[in-house]
Amino acid sequence: MRYQHKFLFFISASMLYAFPSLAQSIGDIDIFGDFDEPGQTTTQQNAPSPTSLVLPPSSNVPEENEPQIGRGKDPKDSIIVPTPAPFPDVSIDLSVPPPPAKTAPSLVNNRQTAIPLSEKETPTASQPAVLSDFHDVHKFELSGFSLGMNASEIIQLAKQKGYQITKIQKGIPLFQTTYYDTLCRQSGLRAPNAIRSCIQQYAQDSDQSYIKELRLENKSARESFQFLLTSPATNNEVYQIVYQNKGDSSLNFTRPNLAKKLDRQKAFLNAVVNSFGNPDDSKKMLWGSEDSAYMQVSMSGSSYDAVITIVDNILSGQDYFANEEWQNEHPSTHHFSFAE
């Protein structure tokens, strides 16, 4: 209990010290009574009097409108916010012109000259390469054979070159075949062989039978040719040539044999480039344009067979449309009673 009394005394004294006005309002009230434990007596002389409290000097008391934090004498314990000085009067002379506005930096290189918009060229899409920029494969010859030859020219040259004719296949244009098939069935034929013979007879009578494929072979040189020809509607000319030179199939997958195959590949490509020049498309090993006529080389199979293909897509397309016109000139013989 004695220590509690001392604690209350300390708090009361601190409040009077911090707030002098509170001490004045209290007056002569005696807040310091006997705090001794029961059974103990203390004289009034030992009790402190409120009038004996010493207040802080007036110099440490903050003035009016002057905020202060802390109440010690050390200036570090107090922070005083100074009153800001008023803004000075500034006079503007309106007779002086304003400074020029800043412009954005020019994006034109110092070594270049900006081109007026009216003089600039309108950008256009890149033009595709014209056909004159590609090789003309119609001029390419493989052992004297080329695009545009007819069947009789191929057979004659094959005999001169020592090639053996291994296949001659005749054909009939697709639209004519359908037309003749209808005529044969209308005559009462139903057996497939009879219909086939009937169609061939109609084609021969109308001069529509032609050689559509020729194959040549030179066994000693391990070479062969395949020729595909158009119909009589486009003069029965060669539109595709496939040349093949077979490699040695007896070579197995050993390091020395692989070296032989790679040497064969190098010799083949060098022979092609020396004969026809550099390709127009080195990735595809292609000369000319696939949109018109082109030649493409490759090596296939484990024996590294050398293959050269020459194709005229324009001639092939012309043959198709020419035969389509023939069909328009020979309408279908089918009749439907509901349309009569």
| Of all residues in segment 239-285, how many are at pLDDT 90 or above, over 23 Å from R215 (Cα atoms) and surrounded by 12 or more Cβ atoms within 10 Å (Cβ to Cβ)? | 11
| query | Any chance segment 316-331 includes a residue that's among the aromatic types (F, W, Y), at negative phi and surrounded by 19 or more Cβ atoms within 10 Å (Cβ to Cβ)? | reply | no
| One residue from Q265, Q208, Q240, Q201 being under 30 Å from Q156 (Cβ atoms), out of contact with any Gly (no Cβ under 9 Å at 6 or more places or on another chain) and part of a helix (DSSP H, G or I) | Q201
| If L214 satisfies every condition in (1) crowded, with 16+ Cβ neighbours inside 10 Å; (2) farther than 21 Å from K139 by Cα; (3) in the same structural domain as Q156 (by TED's automatic domain parsing); (4) among the aliphatic types (A, V, I, L, M) but one, which is the exception? | (2)
| field | Number of the condition not met by A203 [criteria: (1) assigned by TED's automatic domain parsing to the domain that holds G144; (2) touching a Lys or Arg at 6+ places or on another chain (Cβ under 9 Å); (3) small (G, A, S)] | value | (1)
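The values are calculated or read from the model by the stated rules, or taken from the named source; none is laboratory data. None of the values given here were measured: they were computed from a predicted structure. Virtual Cβ from ideal backbone geometry, glycine too; neighbours counted across all protein chains shown.
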